[in-house]
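Colleague: Can you read through this structure? Questions will come right after.
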C-alpha cells in the first residue's frame with residue numbers, strides 16, 4: 001500500500017479509465033489500496049471496469065463524463081472532492097486523435113481534439129487544485145500524470 005498520512009488512504013482520479021492505459025493504471029492503483037474515482041464516457045463500460053476491480057477491495061466511485069462538456073469535467077472534479085476530500089494523484093488518460101490531410105481536415109474534429117486533449121485536462125487540474133494542494137500539505141501528493149499517446153510509428157497526427 002502506498003505511504004499515506006495517518007488520517008487518509010490515498011485517492012486518485014483517472015480519466016479515460018475504460019481504455020487500455022487508464023484501465024491498467026486503475027487496476028494497479030486499486031490493487032495497491034488507492035480510493036479511486038474512475039471516469040470515462042460510457043457508464044456501462046465504467047460499471048464493467050468497477051466490477052472487474054471489485055476483488056481488490058478498493059473504494060471505487062464511477063463518474064461518467066464527456067471530456068468535451070465542461071460541466072461534466074467540473075462535476076467530475078466536484079464528485080471526487082465530495083467523496084474523498086483530497087487527491088493524491090490525478091491521471092489524465094482520456095484523449096482522442098485522428099489523422100488526415102490538413103487541407104481536408106474538418107475543424108470540428110480539430111476542436112474535439114483540443115477540447116478533450118487540452119481544455120479538459122486544464123479545467124480538471126484547475127478544478128482539482130485545492131484537493132491536490134491539500135494532499136501536498138499532508139506530504140502525500142504523488143503527482144499529476146498527463147498521458148500522451150502518439151500515432152503509430154511512421155505515421156503523423158496531421159499530414160499536409
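The values are calculated or read from the model by the stated rules, or taken from the named source; none is laboratory data. Keep in mind that what you see is a predicted model, and the values were worked out from it rather than measured. All Cβ positions, glycine included, derive from the backbone under ideal geometry; neighbour counts span all protein chains shown.
Colleague: Filter the range 35-44 for residues that are within 11 Å of residue 63 (Cα to Cα) and touching a residue at least 24 places away in the same chain (Cβ under 8 Å); which is surrounded by the fewest Cβ atoms within 10 Å (Cβ to Cβ)?
Modeller: So, considering only residues that are within 11 Å of residue 63 (Cα to Cα) and touching a residue at least 24 places away in the same chain (Cβ under 8 Å), the one surrounded by the fewest Cβ atoms within 10 Å (Cβ to Cβ) is 42.
Colleague: Within the range 24-41, can one find any residue that is in contact with a strand residue (DSSP E or B) (Cβ under 7 Å, 6 or more places away or on another chain), within 19 Å of residue 120 (Cα to Cα) and part of a loop (DSSP other than H, G, I, E, B)?
Modeller: Yes, the conditions are met somewhere in the range 24-41.
Colleague: Among what's in the range 8-22 and is assigned to a helix (DSSP H, G or I) and surrounded by fewer than 22 Cβ atoms within 10 Å (Cβ to Cβ), pick the residue that is modelled with the highest pLDDT.
Modeller: 21
Colleague: I'd like to know if the range 87-96 contains one or more residues that are over 20 Å from residue 132 (Cα atoms) and surrounded by fewer than 17 Cβ atoms within 10 Å (Cβ to Cβ).
Modeller: yes
Colleague: Quick one: in the range 59-71, of everything that is in a loop (DSSP other than H, G, I, E, B) and in contact with a strand residue (DSSP E or B) (Cβ under 6 Å, 6 or more places away or on another chain), which residue is surrounded by the fewest Cβ atoms within 10 Å (Cβ to Cβ)?
Modeller: 59
Colleague: Right, another one. Can you pull out every residue in the range 23-34 that is surrounded by 15 or more Cβ atoms within 10 Å (Cβ to Cβ) and farther than 17 Å from residue 48 by Cβ?
Modeller: Residues satisfying the conditions are 29, 33, 34.
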